[in-house]
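What follows draws every value from the coordinates through simple rules; no lab data is involved. Bear in mind the structure is a predicted one, so any value in this text is a computation, not a measurement. So basically every Cβ, Gly included, is an ideal-geometry build from the backbone, and we count neighbours across all protein chains shown.
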Amino acid sequence: MKSALIPVERIEHAILIVRGHKVILDSDLAVLYDTTTKRLNEQVRRNRERFPEDFLFQLTRAEVTALNRSQFATGSQKHRFSARAQESPVPSPSSRAKA
């Protein structure tokens with residue numbers, strides 16, 4: 001299977017600074033990999049052991065609001081979020097297993 005290279009500009013455009021870290025939102029990463037956000041997140045959950053501990057985190061409501069405002073200010077509507085945002089980061093796999 002031959003995969004096409006993704007233009008650097010598309011990747012650079014998707015990078016945001018959140019909590020002082022360069023990040024790509026799951027929705028943007030799904031577009032880059034030509035899949036749905038749901039499928040991307042499903043595969044990450046099923047293969048947690050393949051990713052470093054700090055690979056992902058959940059945006060807080062305040063971060064979602066700030067992102068939505070900044071996207072609205074630039075004329076882009078692609079980063080609309082709803083109930084996925086929570087007040088705390090995603091728990092580690094070990095803490096999920098205890099619940």
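General remarks:
- DSSP-assigned coil residues among GluC sites (Glu not before Pro) in the stretch 13-75, each with at most 11 further Cβ atoms within 10 Å: Glu53
- Of the trypsin sites (Lys or Arg not before Pro) found in the stretch 1-42, those in coil by DSSP whose Cβ has at most 12 other Cβ atoms within 10 Å are Lys2, Arg19.
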